[in-house]
Structure formats: C-alpha cells, structure tokens
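One structure is given here, and the rest of the page talks about it.
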Amino acid sequence: MQSFIDAYSWLNMRYLIEGLGVTVLVSVASIIGSYVIGAILGIIRYVNIRFLSPLVGLFIDIIRNLPLLLIIFFTYFGLPNLGLRPSSIWATIIAMVIFESTMLAEIVRSGIQAVPKGQMEGARASGLSYWQAMWHIILPQAMKKMIPAIVSQFISLIKDTSLATIIVLPDLMHNAQIIYGQNTNYILPMFLMLAIMYFIVCYILSVISRRLEKRLGSTRKQAA
Amino acid sequence: MTTIFAHYGSELLQGFGQTLLCSVISLFFSLIIGSMFAIFETTPIKFLRVIARIYIEIFRNIPLLVITMFFYVVIPLYLFKIDGFTAGTIGLTIYTSAFIAETVRAGINSVDPGQMEGSRANGLSWWQSMRYIVLPQAFRYVIPPLGNQFINLVKNSSVLAFVAGFDLMYQGNVIASDSLSTMSTYVCVGLLYLIITLPLSYWMRYLEKRLA
Amino acid sequence: MKKVIRTIGLLISSFAVLLLLASCGTPLSKQNVVTRAEETNTLTWGVKADTKLFGLMDVKDGQIKGFEVDLAKALTKQILGPKGKAQFVQVTSSTRMPLLQNGNIDAIIATMTITPERAKQVDFSRSYFDAGQSLLVKNGSPIHNIKDLNHSGRTVLGVVGSNSVQNVAKAAPKARVLQLSDYAQAMTALKSGQGDALTTDNGILYGMAVENPGYSVVGGTFTKEPYGIATRKGQGDFQKKIAKALTEVEKSGQYNKLLAKWFSNVPGFNYKEMER
C-alpha cells in the first residue's frame, strides 16, 4: 500500500500529467493535420483524376498497410535527409499525419459517396462550379456522416501515440516508464495509473462519438 | 537494400515467420474470445451483457502497448514468467478480441430479428437459434471487417519489438543498428509487411464489393 | 492479369518516387557542424536519459542530469565560448547511430564504446571515460561471473545497438541474448525475471545498483570499454575542436571535479583511479 502512496506523489503525478499533455497535444495536432490532408487525398480519390488518383490510391494503400511504428522510424530518421531536424514531438506528429490521413482519406471518400448524387447536380444547376459545390454543399453533408468515424480515429491516435516512446517522445507512456524504471515498487502503481488515464480520455471520447452517432444516425466505422 | 537481404536474410525471414505466427495465433484466440463476448452482449441475460460491455470498453480504450507491457513486466513480477513473444501474443489477443466482439455484435444485430423469433417459434432454444440460424448469417456479413481486423493485427504485432519478441520489427531494429543503413533496412522490413497485408486488403475490398 | 501487372508496376514506381524524394534537399548530415554551430551558437548532443550517473531524466524538473551531460556542457563552453548553448536530445543505444548519421544530432556522448567496427561509420574522439563490461544480478543469484552464463537455458539481457550484446555472445555463446530497447526497459525486464543477468558497462551497472537495492555488480570486468564522443565522418574540424576542448577540461581540473561529483558516492567503484 505504501508503495502506491509513494508512487502517486505530487511530483510523479505532475510528471505523468505533463506526459498526458504531450500525448493529447500530439494527438490533437495530428488529427487536425490528418483531417486536412485526408480530405484532400479523399477528394482526389473520389473525383478520379487521371494518373494522380491511382497514384494517391496506391500511396494510401501502402501507408495503410504498414505498421505505424515503421512510419515513425521513417520520419524520425528520414526527415534529416530532406534538411529538416525534427524533434521527437514533430517527428511523431508528421508520422501520425501521414498514417492517419490515409485512414481519413478512405473515411472522407466513403462519406462523399454517401451523399446523394442529386445534391451535386442540384448545386451545379444553380450555377456553382464543381469545386464550389464540393466545398460548400457536399463536404459539409459528408462531414456530418464522418464525425463518429473521425472521433474513432482520434481515439486510436491517442492510444497509438504510446508507440512513439521508442523514439523517446516524452508522452504519458514514456514518463511512466521513466518513473518505474527508477523504482521497482512503482511498476504496478504506474501501470494502473497508465490504464486509468488512457481509459478516461478514450472512454469520454467514445461516449461522445456514440452520442454523435445516435444524433446523426449513421453507422460507426471500426478502427483499431 | 539487396545487401540487407543478402546479409541479414535469415534474421528477416525468422522475424517474418514470428510476425505471421503470432498474428495467426492471436487471430484464432481473439476470434473465439471476441465471438463469445459478442454473444454475451446479445443474450437476454443482463449479467452477461454487463460483463461483456465492461470487457470491451476497457480493452478498446487502453493502448495495446500498455496491455502488452503489463504482461511482460507486471505479471512476472508477482506471478510467473512470461516471455516476450507470449506476452505480445496475449496482449494482441486481448486487444483485438475487444474489436472483434464489436464487429461480430454488429453482424449479429444486422441479421433480421425475425429470424431469431421464427426459429424460436419453431421450437429451437435460444442457443440453438443463435448457433444454427443467426451466427452463420452474421459471419457472412462480418468477413470483410474481420479481414481488416487481421490486417490491423499484423501491423499491431510490431508491438513485439518492445518486448524482445523476435518479430519482424525487432529484427529490423537489431539489423538497423548493426548495419547502420537505417533507411534501407526499414524499407526491407516495410516490403515484408506489405507482402502479408497488401494482398489481404485487396482481397477484403473485393469481398466487400461482392457482398454489397 | 493486366490489372495485377499494372498494380505491381505502380507499386515499384511509387517506391522509386519515395526514394527520389528522400534523396533530394540539403541533407543536414552534409553541412559543416562547426560553421553551423558558430552561426546558431548551439551544439546538439545526443545523450542518454535512462542511465544513472551518465544521463538520467530527473522527474522533478524534466532535465537530464549526469556526468556526460555536465561534460558536454563544459565542452560546449570550451568550443563556442561562455555563451555557447548545449542542446540535448535523448537517445538510446539503438537510435543514437541513425540520429547522428541522419543529422538529428551533432555528436553522441552517450556511453558509447570506441570499437573498430563503429569507427568505420563514425569518427571518435579519444576516450573520455574508461569503462569495462560487467554483469548485474539479483543478490543471491547463482551467477557470479560471465562463465556461469555460458550454459544453455541462461538468458542475458542487453540493449539493442550496444556492443555489450556482441561481447557477451562471444564470451558466453551458449546463453540466449534478449535485446531490449533501452536500459530502463532492460532493468525492468531483469526485475521481472525475464533474464538471469543484465550486461553492459560497469559504470552504468553501478548506477543501476545504486538505484535498485537488492541487485549487485558481479564478476569484475571482462572487456575494456573506452567511451568516445562520436561525430559524423568528414567533420574533422569538429573532432579537432572536441579534442582540444577535452584536453582543456582535463587540464583545468574540471574533469576531476565532475568525476568526483558523480562517482564519489558509488560503492565498489574506485573513481580515484579514473582521475586525469
């Protein structure tokens, strides 16, 4: 029991919460970035531009089918070849954006496909250009259908951030490892706290996602 | 790249085998466990529904790495020794089973409830109707999502690298630091992952189209 | 069939595009470290953050502390003047070489042994610390030295990318070697009984023994492990500056002060022998 009290000291908890902050920060930055890029990729896939669309499709297929861990290594060790020196935080965000945007691209594409074709025709008939119609009419409607799936992706992002401890990202998992690495008695308390903290954040999000899903009345996509 | 294959071919091949082995074992057990909890969720018995809900919510919302490290570090500290490969496979099984449970449950729910009522009216018990009428239909719907879960499983098995599980990613890390050609090592590793995942994902897409 | 061929063709071409992308730009690894350091007034060092006495993360203030961190600060001041800033990037044994090669960091000062194999890939300074490989075991363990490990069924824990795993494979070929991603992980694995002994350099092991009562360093040293500061090949100017700075730090007595600061309280470790 004493080990639990010691393990959850003010200093250790503050260090864990700092780590949680990094986890959330990286996840939020990544989900925003990957939504923007994912939407672009998804639209390119949807409208079927010659050469570009198949190439994007292939890119999506390759990235989607690789382990995230590998993408993290590629960005962290590969970016300096392009003249950039990423910190582990930036490397993780970039890796996450590359990986998640391919996931979101597919979500965006099926979201657009779910919007009735008549919408586009109607918008075009009232004088909007194709891209205007896409941006102002189709995407907002598709967005509604996509929100639960995007929240699902956000949850897996938060969980997947833990993998970046391997390139020493100072996230929740890493900070817990630093703490229990310095004292055996803290191992069990730290694992419990890790589980609790991740669970609370992800569970709240999944409840939100379920609410939204009910309200918007669409089907949820599974994400692991 | 060819030099990496030439020098470290046997290590890469061993890693490839371990990755495949652990994915297949995990798929097998997580299918059983996942289906079990999916059935629990759809039974009329409230206690079983609550148990299933708790299991699914907990393991869907905790990172795979935390679950795996728990089995590698915490269990041996208090109970018995678990090696890296086993710890990784257990972690993967538990994590994936929560997702499979959701998938199978959605499949069961997509079967017309009239089917269950009809077969109950014909004198079959609840379990018999589930086993012979509902589940076979449900599984047809869930094959593509299950295939995608298997792809995720193969990708997620890279978590074994954290617990010295001798999988593809672990071998990749060892080779990268031994050969010092980091990028080409990881390109080789990536190609080997794609050999498993890419055909599977194209096949699943084909199945999805055919079922739709 | 046509479709399959086209897909494969696309696959290969996109890989080629990726490789092409990776090969353009001005790689950081090609720039002159000294010129850039003088412009930015900063040197970026790769240090350990999980190794007590050498480089360990302090939970209280989030700073990395240790002998190597202090030495790197002193060397930076020598090279860039009193206003020079030392920046630290946490590395592990498996990430330090790629990070240096790719230009994420300027130099490695992270318990890295000078070996002929590594010297083909990077340039080393002369040794700044002479360690030797040893074993850490739980008190009361049947393992007393490296020979006790040379039986099938024995498992030794090490860290990916450290040369200690290669040494132990030579000294105890029958033992199984498990490579974890860093020392914190390896120590946790030892505590969880995943291996019979943890092997690496004595300095690191003494640090672990200080932190973990119930574990001790046994068997003396069975190799010589001189630690060097590693830089990319072709950074001769930078190596010269480091060599000069190291000599200055040793002459001024700063080196001995740092040695005493970190190693004077370590039981079983004779730091006086190491003074320069």
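Bear in mind these aren't lab numbers, they're just calculated from the coordinates by the rules spelled out. In this text, all values refer to a predicted model and were calculated from it rather than measured experimentally. Heads up, the Cβs are rebuilt from the backbone with ideal geometry, glycines too, and the neighbour counts pull from every protein chain shown.
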Mind checking the log10 I(q)/I(0) for region A:2-216 at q = 0.08, 0.10, 0.11, 0.13 Å⁻¹? Debye, one equal scatterer per Cα, no solvent, two decimals.
-0.37, -0.54, -0.64, -0.82
Rounded to whole angstrom, the alpha-carbon centroid of region C:238-276 lies from that of region B:67-94 at a distance of 42 Å
Would you order C:262, C:45 from fewest to most other beta-carbon atoms within 10 Å of each residue's own beta-carbon?
C:262, C:45
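Please state the shape class of chain B: rounded when a/c is under 1.5, otherwise prolate if a/b exceeds b/c and oblate if not, all from the C-alpha gyration tensor.
Values: a/c = 3.51, a/b = 1.78, b/c = 1.97.
Since a/c reaches 1.5 but b/c is at least a/b, the shape of chain B is classed as oblate.
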Per the rule of 0.36 nm per residue minus the C-alpha distance, extending residue A:114 to residue A:36 adds in nm 26.1 nm
Among C:123, C:58, C:196, the residue with the largest mean-square fluctuation in a Gaussian network model of chain C built from Cα contacts under 10 Å is C:58
Bridge type composition, the protein assembly as shown - antiparallel percent by DSSP, nearest 5
55 percent
Helix-derived [θ] at 222 nm for chain B: sum -39500 (n - 2.57) over DSSP H runs of at least 4, divide by residue count, nearest 500?
-27000 deg cm²/dmol
Give me the aspartates and glutamates in straight-line cross-link reach of residue C:30: C-alpha distance below 12 Å, same-chain residues under 8 apart excluded.
C:106
Pairing the Cα long axis of helix A:187-216 with the longest principal axis of chain A, what angle in degrees results, from 0 to 90 and rounded to the nearest 10?
20 degrees
Mind checking which of B:202, B:115, B:177 is farthest towards the positive end of chain B's charge dipole, using Cβ charges of +1 (Lys, Arg) and -1 (Asp, Glu) about the Cα centre?
B:115
Using the Kirkwood formula over every pair of different C-alpha atoms, what hydrodynamic radius in Å results for chain C?
20.2 Å
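Work out the length of the dipole vector of chain B about its Cα centre, built from +1 on the beta-carbon of each Lys and Arg and -1 on the beta-carbon of each Asp and Glu, and round it to the nearest 20 debye.
Numbers: 13 positive and 10 negative charges, 128 e Å.
Its charge dipole is roughly 620 debye.
How would you classify the protein assembly as shown from its alpha-carbon gyration tensor, with a ≥ b ≥ c the square roots of the eigenvalues: rounded for a/c under 1.5, else prolate if a/b is greater than b/c, otherwise oblate? Numbers along the way, then the final one.
Values: a/c = 2.07, a/b = 1.53, b/c = 1.35.
Verdict is prolate for the protein assembly as shown.
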With a sphere of radius 11 Å drawn around the Cβ of residue B:4, what net charge do the other residues whose Cβ falls strictly inside it have (Lys, Arg +1; Asp, Glu -1)?
-2
Rounding to the nearest 10 and keeping the result within 0 to 90°, find how far the Cα-based axis of helix A:172-181 lies from the longest principal axis of chain A.
20 degrees
Tilt, helix A:52-64 to longest principal axis of chain A (alpha-carbon atoms), in degrees rounded to tens, equals 20 degrees
Are any of the pairs C:60/C:147; C:83/C:233; C:48/C:83; C:48/C:240; C:174/C:272; B:155/C:120 more than 30 Å apart by Cα-Cα distance, and if so, which?
C:60/C:147; C:174/C:272; B:155/C:120
Between residue A:82 and residue C:145, Cβ-based FRET efficiency (R0 35 Å, step 0.05) works out to 0.10
Least to most buried among C:149, A:16, by other C-beta atoms within 10 Å and fewest first, runs A:16, C:149
For region A:73-158, convex hull of alpha carbons as volume per residue, Å³:
112 Å³
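Suppose only helical runs count, i.e. DSSP H with n ≥ 4. What mean residue ellipticity at 222 nm does that imply for chain A under -39500 (n - 2.57) per run, divided by all residues and rounded to the nearest 500 deg cm²/dmol? Please report the intermediate quantities before stating the final value.
Working: 10 runs with 170 residues, N = 224.
Calculated at 222 nm, the ellipticity per residue is -25500 deg cm²/dmol.
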Helix-only estimate, please: 222 nm mean residue ellipticity of chain C, summing -39500 (n - 2.57) across DSSP H runs of length 4 or more and dividing by its residues, to the nearest 500.
-12000 deg cm²/dmol
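Given region C:70-217, what percent of its DSSP beta bridges are antiparallel, to the nearest 5?
On the way: 7 of 14 bridges.
Bridges in region C:70-217 that DSSP calls antiparallel: roughly 50 percent.
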Using a cut-off of 12 Å between alpha-carbon atoms, which aspartates and glutamates can reach residue C:257, once sequence neighbours fewer than 8 places away in the same chain are excluded?
C:70, C:275
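Using the Kyte-Doolittle scale, which helices in chain B average at least 1.0 and also have C-alpha atoms spread 27 Å or more along the helix axis, with helices defined as whole DSSP H runs?
Working: long enough: B:2-42 (54 Å, 1.16); B:84-110 (39 Å, 0.71); B:135-156 (29 Å, 0.17); B:182-211 (43 Å, 0.74).
Sorted by number, the helices that extend far enough and score high enough are B:2-42.
Got the relative contact order for chain A handy, in percent, Cα pairs under 8 Å and 6 or more residues apart? Kindly include the intermediate steps, with their values, before the conclusion.
Numbers: 244 pairs, mean separation 65.2, N = 224.
About 29 percent, as a whole number.
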Among B:112, C:130, C:148, which comes first, second and so on when ranked by fewest other beta-carbon atoms within 10 Å?
B:112, C:130, C:148
Might you report the magnitude of the Cβ-based charge dipole of the protein assembly as shown about its Cα centre, with Lys and Arg at +1 and Asp and Glu at -1, to the nearest 20 debye?
1400 debye
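For region A:80-224, what is the number of Lys pairs with C-alpha distance below 18 angstrom, counting only pairs 8 or more positions apart or on separate chains? Walk me through the numbers before you get to the answer.
Numbers: A:117/A:144; A:117/A:145; A:144/A:214; A:144/A:221; A:145/A:214; A:145/A:221; A:159/A:221.
Qualifying lysine pairs in region A:80-224: 7.
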Give the relative contact order (percent, whole number) for chain B; include only Cα pairs under 8 Å separated by 6+ residues.
30 percent
If you average the sequence gap of Cα pairs under 8 Å that are 6 or more apart and divide by the length of chain C, what percent do you get for the contact order?
23 percent
Treat every Asp and Glu Cβ in region B:60-166 as -1 and every Lys and Arg Cβ as +1, leave all other atoms uncharged, and give the resulting dipole magnitude about the Cα centre to the nearest 20 debye.
40 debye
